[in-house]
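The values are calculated or read from the model by the stated rules, or taken from the named source; none is laboratory data. Quantities reported herein were computed from a predicted structural model and do not represent experimental measurements. When we count neighbours, we look across all protein chains shown, and the Cβ atoms used for this are built from the backbone with ideal geometry, even at glycine. Protein only, heavy atoms only, side chains kept; ligands, DNA and RNA dropped before computing areas. Shrake-Rupley method; radii C 1.70, N 1.55, O 1.52, S 1.80 Å.
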Amino acid sequence: MIAADIISAARGAGVVGAGGGGFPLHAKLAGRQGAPPVDTVIANGAECEPLLHKDAELMAGHAAQIVAGLQLAMTAVGAERGIIGLKSKHADAIAAFRPLLGETGIELFELGDFYPTGDEYILVYETTGRLIPSAGLPLDVGCVVSNVESLHNLAAAAKGEAVTRKMVTVAGAVARPFTGWVPVGVDLDWLIEQAGGPLQTDVAYYVGGVMMGKLQRDSGLPVTKTTAGVIVLPGDHQLVRRAETPEPVK
């Protein structure tokens, strides 16, 4: 496929930042007027949220499609170099990627297990040594960064498949924590039911994780293209109490 067709496919399939950002991938691949040429595309598999491991599972089980999506992204922006950034502890994912890289121009970069490794500023610096300027973007230093699931979806988009499902982790106070594909649009009630139900009646939900996610009480909220996972917590958990306690007026 040529660059224009790849960008068009990403737009038509509705591929967005699946790590939580939600930025349309077609716009990212199209670049920005006045920005330097892009020479590097970075697949973000760092995944920093505690208890969430949907990217780790995706990389271990679908490495070939992620590599295919990364190659398409490289073609779209004219980059000769691709980097897959993931933590050293994800041995299964590393083992899945290594035999696929060959002469692709793609390399693995093993990251430390620290938060927030997946932040674009940190990921670009760790993998390339380039510093994104304050309030800048990876494009300002010749890079494009995309979550590994977004690249997986780009490979599907090139085959005419729209984004209709989401890889999520459901963890915490549920009977059977799991990571897997679920339809976009199902509500949290349905999601928790697939995990065997909550362990108690009074629960709260950290959608997107406890570090960067949002605490919710509404179990009717839908799974979207950016839902990385849900942490179910007892309603009286310390994190819930702290999030629901108003800040004192000074």
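Things to note:
- Within the option set Val141, Val168, being among the aliphatic types (A, V, I, L, M), buried (at least 19 other Cβ atoms within 10 Å of the Cβ), farther than 19 Å from Leu52 by Cα and out of contact with any His (no Cβ under 8 Å at 6 or more places or on another chain) holds for one residue only, Val141.
- The listed residue being at pLDDT 95 or above, within 18 Å of the chain's Cα centre (by Cα) and over 19 Å from Lys225 (Cβ atoms), out of Ala68, Ala46, Ala95: Ala68
- Arg11 vs. criteria open to solvent by 10 Å² or more (accessible area, probe 1.4 Å), in contact (Cβ under 8 Å) with a residue 24 or more places away in the chain and outside any strand (DSSP E or B): no
- Cβ pairs under 9 Å, 6+ apart, first in segment 174-187 and under 20 Å from Met59 (Cα atoms) and open to solvent by less than 30 Å² (accessible area, probe 1.4 Å), second assigned to a strand (DSSP E or B) and of a type outside the set (D, E, K, R): Gly180/Met167; Gly180/Val168; Gly180/Thr169; Gly180/Val170; Val182/Met167; Val182/Val168; Val182/Val170
- Segment 109-133: number of residues that are buried (at least 18 other Cβ atoms within 10 Å of the Cβ) and in contact with a Cys (Cβ under 7 Å, 6 or more places away or on another chain): 4
- Scan of segment 78-113 for residues that are part of a helix (DSSP H, G or I) and either small (Gly, Ala, Ser) or without any contact (Cβ under 8 Å) to a residue 12 or more places away in the chain (or both), ordered by number: Ala91, Ala93, Ala95, Ala96, Arg98, Pro99
- Evaluating Ala60 against the criteria (1) among the small types (Gly, Ala, Ser); (2) open to solvent by 30 Å² or more (accessible area, probe 1.4 Å); (3) in a loop (DSSP other than H, G, I, E, B); (4) at pLDDT 95 or above leaves one unmet condition, (3).
- Leu29 farther than 30 Å from Val207 by Cβ and either among the hydrophobic types (A, V, I, L, M, F, W, C) or part of a helix (DSSP H, G or I) (or both): no
- Only a single item in (1) open to solvent by less than 30 Å² (accessible area, probe 1.4 Å); (2) among the hydrophobic types (A, V, I, L, M, F, W, C); (3) in contact with a helix residue (DSSP H, G or I) (Cβ under 7 Å, 6 or more places away or on another chain) is not met by Leu215, and it is number (1).
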